[in-house]
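The values are calculated or read from the model by the stated rules, or taken from the named source; none is laboratory data. Everything numeric here is computed off the predicted structure, so don't read it as measured data. Please note: Cβ atoms are built from the backbone with ideal geometry, for glycine as well, and neighbour counts cover all protein chains shown. These accessible areas exclude ligands, DNA and RNA; they are computed on the full protein's heavy atoms, side chains included. Shrake-Rupley method; radii C 1.70, N 1.55, O 1.52, S 1.80 Å.
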Protein chains: 2
Amino acid sequence: MSRPAVHPVEAPPLSIDNGGGDGAPPRLRMKDFQGMSGTLGGLLLRIFQSFFALASLLIMATTSDFPSVTAFRYLVAAAGLQIIWSLSLAVADIYAILVKRSFRSYRVISLFAVGDGIISTLIFAAACSSAGITVLIGNDLDSCAKNHCVQFETSTGMAFMTWFAALPSFLLNFWSLASR
Amino acid sequence: MSRPAVHPVEAPPLSIDNGGGDGAPPRLRMKDFQGMSGTLGGLLLRIFQSFFALASLLIMATTSDFPSVTAFRYLVAAAGLQIIWSLSLAVADIYAILVKRSFRSYRVISLFAVGDGIISTLIFAAACSSAGITVLIGNDLDSCAKNHCVQFETSTGMAFMTWFAALPSFLLNFWSLASR
């Protein structure tokens, strides 16, 4: 336990090893934003996404004539995909909150960011094409009398709400990926 | 010019001031990606965006019956907006390339990123709603005989190409904003 009594200048530590070990390069810590995966805000966003996507799917599926329009069938498919994705990530978020950890691995965050980007683009495309058809039926053709305009419009609106809830997830994950 | 002959430990510089001056906080330099504003790649993306948006607008505008459908009118408006935005930024890019500088100001890059995000979302929404209508006319209703299906489809495709060219601009500007 012999140490020199005088040590005029302490050299600053050159590398920070926070538990990587095993010769792995030191991992950089990412900042936590509320809303990114693994936080309570992120979990809330996932729940909103699932809820709105489920509402959109159910309202559209209860109309009898939605399968006759390709865009409406696509909306149902995209909403289903969004529900699966959001519920899976909600489960991951709940686990992360219970063990009081957040996702810090670059690979996991990139997977989330890419997945969120693709899924939110799909649901936005579905919402836009449904909105185009709905406006065509309601305003341009004035044939709401023999179509379920109210259901179509509500379902489209719910799809847009899904997108509004999915967009922050994507942007925050992408941001935390870039600013690691 | 007297310097001590012996200087055992050189203290590392604590702050890096690269020309901010005037009491402003030191500016951090952003990395240059090909494709972000102020680079040749960025200029090429802007030219592609303008070209495809112009093609989409012209092809749609030459059909006689596009004003009867709201989504097609919206596509023309969005394509026009995209042309104005892309050409303005192309001029800025040309200037930046000529004076051999790139945009390093945080405020300018955020303006570009937000603008790109909004404009590319608008053109994507227009492309998707037009695609919904086009598929409805062509596949679901089988009434291509009395509609300009080919022009509608080509114009929609060009709008999607515009979006494909606009997306990298947004993602790269957003990335360079986050990783400053």
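Anything in segment B:103-121 that is under 30 Å from B:Ser68 (Cβ atoms) and either more than 10 Å from every other protein chain (Cβ to nearest Cβ) or outside any helix (DSSP H, G or I) (or both)? List them, or say none.
Residues satisfying the conditions are B:Ile118, B:Ile119, B:Ser120.
Listed residues B:Leu171, B:Leu177; which is more than 15 Å from B:Ala79 (Cα to Cα) and touching a residue at least 60 places away in the same chain (Cβ under 8 Å)?
On the way: B:Leu171 fails: touching a residue at least 60 places away in the same chain (Cβ under 8 Å).
Checking each option against the conditions leaves just B:Leu177.
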task: Specify which of the listed residues (A:Leu89, A:Leu75) is buried (at least 16 other Cβ atoms within 10 Å of the Cβ) and either within 14 Å of chain B (Cβ to nearest Cβ) or of a type in the set (Ser, Thr, Tyr) (or both).
output: A:Leu75
query: Would segment A:128-137 turn up any residue that is under 18 Å from the mean Cα position of the chain (by Cα), buried (at least 24 other Cβ atoms within 10 Å of the Cβ) and within 11 Å of chain B (Cβ to nearest Cβ)?
result: no
- prompt: Of everything in segment A:145-178 that's closer than 16 Å to A:Leu111 by Cβ and of a type in the set (Ser, Thr, Tyr), which residue is surrounded by the fewest Cβ atoms within 10 Å (Cβ to Cβ)?
  reply: A:Ser176
field: Given (1) closer than 21 Å to B:Cys128 by Cα; (2) touching a Gly at 6+ places or on another chain (Cβ under 9 Å), number of the condition A:Gly138 does not satisfy
entry: (2)
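For residues in segment B:103-121 being of a type in the set (Ser, Thr, Tyr) and surrounded by fewer than 16 Cβ atoms within 10 Å (Cβ to Cβ), which is modelled with the highest pLDDT?
Keep residues of segment B:103-121 that are of a type in the set (Ser, Thr, Tyr), which gives B:105-106, B:110, B:120-121.
This time we only want the ones that are surrounded by fewer than 16 Cβ atoms within 10 Å (Cβ to Cβ), so: B:105-106, B:110.
On the way: B:Ser105: 82, B:Tyr106: 85, B:Ser110: 91.
Checking each candidate, the answer is B:Ser110.
Matching residues to (1) over 28 Å from the mean Cα position of the chain (by Cα); (2) at pLDDT 80 or above; (3) over 30 Å from B:Ile137 (Cα atoms); (4) exposed (fewer than 10 other Cβ atoms within 10 Å of the Cβ):
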residue: A:Glu10; (1), (2), (3), (4): yes, no, yes, yes
residue: A:Gly19; (1), (2), (3), (4): yes, no, yes, yes
residue: A:Arg29; (1), (2), (3), (4): no, no, yes, no
residue: A:Leu44; (1), (2), (3), (4): no, yes, yes, no
residue: A:Phe66; (1), (2), (3), (4): no, yes, no, no
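Out of everything in segment A:92-102 that is free of Cβ contacts under 8 Å to residues at least 12 places away in the same chain and not in a helix (DSSP H, G or I), what residue ends up being least open to solvent (accessible area, probe 1.4 Å)? Quick ask: steps written out before the conclusion?
Step one: filter segment A:92-102 for residues free of Cβ contacts under 8 Å to residues at least 12 places away in the same chain, giving A:95, A:98-100.
Next, from what is left, pick out any that are not in a helix (DSSP H, G or I): A:99-100.
On the way: A:Val99: 60, A:Lys100: 168 Å².
By that ranking, first place goes to A:Val99.
Is at least one residue of segment B:152-170 among the hydroxyl-bearing types (Ser, Thr, Tyr) and farther than 30 Å from A:Thr70 by Cα?
Going residue by residue through segment B:152-170, those that are among the hydroxyl-bearing types (Ser, Thr, Tyr) are B:154-156, B:162, B:169.
So of that shortlist, the ones also farther than 30 Å from A:Thr70 by Cα come out as B:169.
Yes, segment B:152-170 contains a residue that is among the hydroxyl-bearing types (Ser, Thr, Tyr) and farther than 30 Å from A:Thr70 by Cα.
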message: Would you confirm, using the coordinates I've provided, whether A:Leu58 is open to solvent by less than 80 Å² (accessible area, probe 1.4 Å) and either modelled with pLDDT of 90 or more or within 28 Å of A:Ser120 (Cβ to Cβ) (or both)?
response: no
